[in-house]
Amino acid sequence: MTGAAAGGRASSAPLIGRDSEPTLFELSRSGRSSWQLPTTGIEETPLDELVPPEHRRPTNVDVAEVSERDLVGHFTRLSHRQYSIDLGAYPLGSCTMKYNPKACDAVAGLAGLESVHPAAPASLVQGWLATLVGLEDALCELSGMAAATLQPAAGAAGELTGLLLMRAYDAARGEHRRRVIIPDSAHGTNPASVTLGGYEVTTVKSDARGCVDVHSLRDVLDTDVAGMMLTNPNTLGLFEEDIVEIAAAVHEVGGLMYYDGANLNAILGMVRPGDMGFDIVHLNLHKTFATPHGGGGPGAGPVAVAAHLAEFLPGPRPVRLQDSGDADQPLRYGWHTPAHSIGRVHGWHGNALVLARALAYIEIHGRDGLVRVAERAVLNANWIRKRLSSTFDVAFDRPCMHEVVFSASALRKRTGASALDVAKGLIEEGFHPPTVAFPLIVDDALMVEPTETESYETLAALAEALERVAARAESGELAGSPRTTPVRRVDEARAARTLIPTFDARR
Amino acid sequence: MLAFLGLSSLDELFVAIPAALRIAGGLGLEPGLPEPDVLARARARADANRARTDRLVCFAGAGAYDHEVPPVVRALAGRSEFVTAYTPYQAEVAQGGLQAIFEFQTMVSRLFGLPIANASLYDGASAVVEAVNLGVGATGRSGVLVSAGLHPHWRAVLSTFAAGTGHRLVEVPLEEGRTRWDQAADETEVGVVVVGYPNYLGCLEDMAAVRALCDQRGALMVVAADPVAAGVLRSPGDWGADVAVGEGQPFGTPLSFGGPYLGLFACSAAHVRRLPGRLVGETLDADGRLAYVTTLRAREQDIRREKATSNVCTNQTLMALTAAVQLGWLGTTGLAEIATRCARATRYCRQALVGVAGVEPLTGTTPVVREFALRLPVAARVAVERLAEEGFLAGVALEDLVGPGGDGSVGKEAATHGLLVAVTERRTRDEIDRFVAALDKAVR
């Protein structure tokens, strides 16, 4: 390995040393502190006079006692034990870990957005309302829908919101449909959301080409079907070519089509869910519209709908106000709750700062830039597919969209090294691994989504690294990987068997 | 790269998409703008917001509070290693984030007095929804007694999701700011009881009565606790709660127009296998060294699918990490100190405001911490608009929370005239005195 090659390979070793970092509780020393609070001039009434004795906590919450210097040292050292997209490529399939422009961070950090109270009257938050309305317009244009709610805090929250919209639509036409159809390749959130939405899951199988089997679909369609949830391109990275026929079949029995927007990155500006026949769409702003994922969140999962479902959307919604021409009513934006709203799905207005980032991202890229995002994402994925097709089996060997699914099945049978071993080996090569063991319908899946933001040099370095890992599998080396990380392979079974979810459970 | 693929144009990559579906003529969006132009636009929109804490002195709360966020917390929580990481699916390269969440879980567990805390949910409202789902699942009974003192928006979210789960929500009204549990005496098949502590009007509920009610009904006790007030109040666990939830925004997250915030969730050990969302646990690596990993994964949607305990996948990890840093900064003494300072400032401000002619407490003599509701001689919305002209965000008009007709927490007249006021450790005596004087003028 040459350390000087171009490309996004990260140093996989911690900066200095491999010692464990103690917890903050172990760093605590009685009498130390970091906090400083403003001088207020308010008299120091004893707590006894402020809180009735039966409600008083007998002792302070034992948090930790550390100096600011030790606090900074602790969390900085922890940060050195954490991979991130800023450090290097993150080709996690289905997750769309792209680099996010720092300008979007700057927008979210503006005092005039960040320090605004969510319950302030509309007259005092016109800038925020303009932001939300602008984003809703853009998302509707991108998805081919008529109206949207920005409240759902993540993709799964969007899914459940969409299913409740289905219920409300059903109820409004006097029906009580019980089933929702999901392909066997779907994300796990889909079936979990269906259950919470009060529906039963009907699974439809994929055909030999990795797409929904239209014949099997027709077999399960009847007037008990409230709708179908579909990701397109699907989780195999393949475009559902029969989408028009699928949508027509579902609509024929009176069902609704739900679009899981997890993979929208592949088709931005190329084709819109609305034009494919979808009625409800959720968008993962943290994937497609460049919100850094924060180690697991926050995200945002707005839901856009066709016109016939707009009256059911969660409220209150940010709206443009009609110009009344009244000089005493200069407000341009306000709130409105739709007539048959399903109600609130968030404590306030959604993950507002994430929404502001997404609008900035859309404005930076614009109509042409968003198309280039899709083009580059698909080009990069196909390059990886072809480049590695002699190293790993491609699960469905035809052009893919934004991600490609390989199978380590043959490699495992030959060498004993599974997709997980490949992943752990790749870590030693300085890359975050692809998604492993998903989708479930591919044996020992390795799902690579390079995204549009990685350079050719990085892709080449990633491909070479995967080739080296495959070669090492032949010699049985991967079982001990990774060796260069802050910790080596962790014992997940032990974690579940001897549950230690807090420092206090350690003893 | 195209040549390598044997293609002559990028368009050929998209042949799988039926031509008839392709967008003709491009998207109806503007062309892309240089970043400085986009920043200038965003700044212009930000400037159009008047309710910023650097322009209006903030006395608004209702679940979103203007607390001190020191530079050290911003610096640490803003490190790009934390901000730009993904969910820790590969534990070996995510030990930093995993350990921070392990520390967060420990802090929430200690704060709420319960042994298990998860890695976060979306916000307080989603946390209470998940708590109710857990309670109904554990007891097998779908009746849920919800105190009208639970935040009105959280009650609204509960009600929205109950349409899917079929849970039967029964709102139990307040009188002088305390829940009248006796009004729900006829309810049967009760699996869960939900109470706020303090409730959204700042009032301290009779927690022993809630526990007794739960024992009598065999129901789970869910406490929606304010995490700052919890610094001086008896913990939910100490009161016998089975599940405690809360809105974690006060720990280091700015007001942010309502999100992203942080759902706190803690429960007793008996319910760990029904826990929603992610959980970090300690384990060992192949060399026998201490390591962290997400655990009890079999509960989660990506493995259990339609039988999962929750559909949550993406959560609010960055806000949880921020809360761990903020709590580390506050430490044992600082947490008690801000809770005490909030209580002092609340007392000082409330006493001064009820001295204004025509202004009276809305919740009688029920003890309050954290915030309080007043009845104004004018409509509260009018007072808020007037006080904004004087440089104050005066609070939250109850009408904006419960609607013009009122609800089980306050009646119609109180909804119109009620103002909810929160005073944090950031408010000075001078600001409070000027606020009281301005309110005196505004309600005449």
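Things worth noting here:
The rows are residues; the columns are (1) closer than 17 Å to A:Val373 by Cβ; (2) within 7 Å of another protein chain (Cβ to nearest Cβ).
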| residue | (1), (2) |
| --- | --- |
| B:Met1 | yes, yes |
| B:Phe4 | no, yes |
| B:Ala20 | no, no |
| B:Arg45 | no, yes |
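- Of the helices (runs of 4 or more DSSP H) lying entirely inside the range A:137-232, those containing at least 2 residues that are more than 10 Å from chain B (Cβ to nearest Cβ), closer than 21 Å to A:Val303 by Cα and of a type outside the set (Val, Ile, Thr) are A:155-172.
- Search result, residues across the range B:404-421 that are in contact (Cβ under 8 Å) with a residue 40 or more places away in the chain and more than 10 Å from every other protein chain (Cβ to nearest Cβ): B:Asp407, B:Gly408, B:Ser409, B:Val410, B:Ala414, B:His417, B:Gly418, B:Leu419, B:Val421
- Test for B:Val146: is it under 29 Å from A:Phe312 (Cα atoms), of a type in the set (A, V, I, L, M) and modelled with pLDDT of 95 or more: yes
- Contact map, the range B:265-294: residues that are within 7 Å of chain A (Cβ to nearest Cβ) paired with residues that are among the basic types (Lys, Arg) and surrounded by fewer than 24 Cβ atoms within 10 Å (Cβ to Cβ), Cβ distance under 7 Å, separation 6+ or inter-chain. Pairs shown: B:Glu282/A:Arg506; B:Thr283/A:Arg494; B:Leu284/A:Arg494; B:Asp285/A:Arg488; B:Asp285/A:Arg489; B:Ala286/A:Arg488; B:Ala286/A:Arg489; B:Asp287/A:Arg488.
- Among residues of the range A:485-504, those that are surrounded by 17 or more Cβ atoms within 10 Å (Cβ to Cβ) and more than 7 Å from chain B (Cβ to nearest Cβ), counted: 0
- Qualifying residue in the range A:265-285 (condition: surrounded by fewer than 24 Cβ atoms within 10 Å (Cβ to Cβ), in contact (Cβ under 8 Å) with a residue 12 or more places away in the chain and more than 8 Å from chain B (Cβ to nearest Cβ)): yes
- Residues being small (Gly, Ala, Ser) and assigned to a loop (DSSP other than H, G, I, E, B) - total across the range B:247-267: 3
- Scope the range B:426-442; condition over 16 Å from B:Phe372 (Cβ atoms) and not in a helix (DSSP H, G or I); matching residues: B:Arg426, B:Thr428
- Condition met for A:Pro338 (touching a Phe, Trp or Tyr at 6+ places or on another chain (Cβ under 8 Å) and either part of a loop (DSSP other than H, G, I, E, B) or without any contact (Cβ under 8 Å) to a residue 40 or more places away in the chain (or both)): yes
- Filtering the range A:403-413 to residues that are out of contact with any Leu (no Cβ under 6 Å at 6 or more places or on another chain), farther than 17 Å from A:Arg209 by Cα and crowded, with 17+ Cβ neighbours inside 10 Å leaves A:Ser409, A:Leu411, A:Arg412.
- Answer residue from the range B:86-117, given it is in contact with an Asp or Glu (Cβ under 9 Å, 6 or more places away or on another chain) and assigned to a loop (DSSP other than H, G, I, E, B) and is nearest to the other protein chains (Cβ to nearest Cβ) among those: B:Pro115
- Residue in the range B:324-335 that is under 18 Å from the mean Cα position of the chain (by Cα) and more than 8 Å from every other protein chain (Cβ to nearest Cβ) present: yes
- The single condition among (1) outside the structural domain of B:Ala373 (by TED's automatic domain parsing); (2) crowded, with 19+ Cβ neighbours inside 10 Å that B:Tyr348 does not meet is (1).
- Among the residues listed as B:Val15, B:Val73, the single one being touching a residue at least 40 places away in the same chain (Cβ under 8 Å) and either out of contact with any Pro (no Cβ under 8 Å at 6 or more places or on another chain) or within 30 Å of A:Arg209 (Cβ to Cβ) (or both): B:Val73
- Within the range B:48-84, the set of residues being in a helix (DSSP H, G or I) and not aromatic (Phe, Trp, Tyr) comprises B:Pro71, B:Val72, B:Val73, B:Arg74, B:Ala75, B:Leu76, B:Ala77, B:Ser80, B:Glu81, B:Val83.
The values are calculated or read from the model by the stated rules, or taken from the named source; none is laboratory data. The structure presented is a predicted model; accordingly, all values stated were derived computationally and were not measured. Every residue, glycine as well, gets a Cβ built from its backbone with ideal geometry; the counts of neighbours run over all protein chains shown.
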